[in-house]
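Report on the structure given below.
Computed from the coordinates by the stated procedures, all read-outs in this text should not be read as laboratory data. The structure presented is a predicted model; accordingly, all values stated were derived computationally and were not measured. Please note: Cβ atoms are built from the backbone with ideal geometry, for glycine as well, and neighbour counts cover all protein chains shown.
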Amino acid sequence: MRASSVSASTFPSVPSVSLDTLWFQVAGTLCNLKCTHCFISCSPTNHSHEMLTLAEVRERLAEAVPLGVREYYFTGGEPFLNPEMLSILEETLRQGPATVLTNGLFLTVDRCRQLRELFDFSEYSLDIRVSIDGYTAAVNDPIRGVGTFDKILRGIANLAEAGVNPVVTVTEACDEAATAEGRGRFLDWMRSIGIARPRLKVLSLFRIGAEERRLRAYESWESLRGRELVREEAENLQCSSCRMVTSRGVYVCPILIDEPRARMGTSLGDTLRPFELRYSACFTCHEYGVTCRT
């Protein structure tokens, strides 16, 4: 079944099929790093979105149950800047699996031990995704900051020592991540640092925020303007089944929280409607099959 035809001045829409995945911008846009490819320009001084409290997360978790949400993701900024992060995870793991996206610099021995305890005492899974942009400091540090490579490695080692198997996430800012051969070298590197069962996630670049200044912005042709999507294409996009909770309301997805028209409402129920794919970042998700899910 094809969507109705569109003119060159209009954009296709993605339907709201379900609400399987709920994201929380739990640290707002505050981060201890200032990565040069960050699509929402997180930094120690970016307050465009503020941290979520345990009470706010708890309210959204209660909303999520009758809507059928099956998994929960926590991002920022840096989630472990939020002083209530462990309590938020404990609450979340009472009702579903959780994933935390972190830069790894706060993964101390004690915190990793606490994460393992949360994992052990929950019937649901807990995944920790650690971001890095190369398997050498020479490649990673120009993007994430001087000295970050060694600190990230220490965090990964602390997870492994605690018995937590991380998901290592790398973007295509690292050229090797874009090739099968390069990804193979990443997996070999992960084994060499003590990860017996390596898990690697590679993300395409979104050319907005800091990345727009680091390399380039989107070209005019990088758009879904005038395109038709068959229903299956539209339903494969993550925005057909996820929403993002922030301090400023509920947005369509984790990528577009700086776009005012991507804010879909104040409650989860307000947001269960189609969304027009008018942003260049939507082009990246469609063309490269990007999903922020693990």
## Note on the structure
the chain: antiparallel bridges as % of DSSP beta bridges, rounded to 5, reads 25
### Task
Among the trypsin sites (Lys or Arg not before Pro) in the range 215-294, which ones are in a DSSP loop with at most 12 other Cβ atoms within 10 Å of the Cβ? Mind listing them?
216
#### Entry: Rg(Cα)/(2.2 N^0.38 Å) for the range 2-115, N = residue count
1.29
### Task
At q = 0.12, 0.26 Å⁻¹, work out log10 I(q)/I(0) for the range 7-66 with the Debye formula, treating every Cα as an identical point scatterer and leaving solvent out; two decimals please.
-0.51, -1.00
### Message
Normalised by the empirical 2.2 N^0.38 Å for globular proteins, what value does the Cα Rg of the range 159-226 take?
### Response
1.46
### Task
Could you work out, for the range 66-174, what percent of all Cα-Cα pairs fall into each 10 Å distance bin, beginning at 0 Å and stopping at the bin that holds the largest distance?
15, 46, 29, 10, 1
### Query
How big is Rg to Rh over the range 179-266, alpha-carbon atoms, Rh as the Kirkwood inverse-mean-distance radius?
1.07
### Task
Would you please report the Å³ per residue occupied by the convex hull of the alpha carbon atoms in the range 64-125?
81
### Query
Once Rh is set to the Kirkwood radius over Cα pairs, what Stokes-Einstein translational diffusion coefficient, in µm²/s, holds for the chain at a temperature of 20 °C and a viscosity of 1.002 mPa s?
109
### Task
Label the range 122-241 by shape, choosing from rounded, prolate and oblate, from the square roots a ≥ b ≥ c of the eigenvalues of the Cα gyration tensor; if a/c is under 1.5 it is rounded, and otherwise prolate applies when a/b is larger than b/c, oblate when it is not.
oblate
### Summary
When the chain is treated as a Gaussian network with springs between alpha carbons less than 10 Å apart, the largest mean-square fluctuation among 137, 62, 234 is found at 62
### Summary
Mean separation of Cα contacts under 8 Å (at least 6 apart) over the residue count of the range 127-239, i.e. the relative contact order in percent, is 22
### Query
What percent do you get for the relative contact order of the chain when only Cα pairs under 8 Å and 6+ apart count?
26
### Message
Given R₀ = 22 Å, what would the calculated FRET efficiency be for residue 217 paired with residue 179, taking r from the Cβ atoms and rounding to 0.05?
### Response
0.35
### Query
Taking the chain as a Gaussian network, Cα atoms linked when under 10 Å apart, which of 55, 281, 98 shows the biggest mean-square fluctuation?
55
## Note on the structure
Taking alpha-carbon centroids only, the range 106-127 lies from the range 65-79 a number of Å equal to 17
### Message
Could you sort the peptides 235-242, 162-169 by per-residue average Cβ neighbour count (10 Å cutoff), highest mean leading?
### Response
235-242, 162-169
### Query
Remind me, relative contact order of the range 162-291 in percent, using alpha carbon pairs under 8 angstrom and six or more residues apart?
21
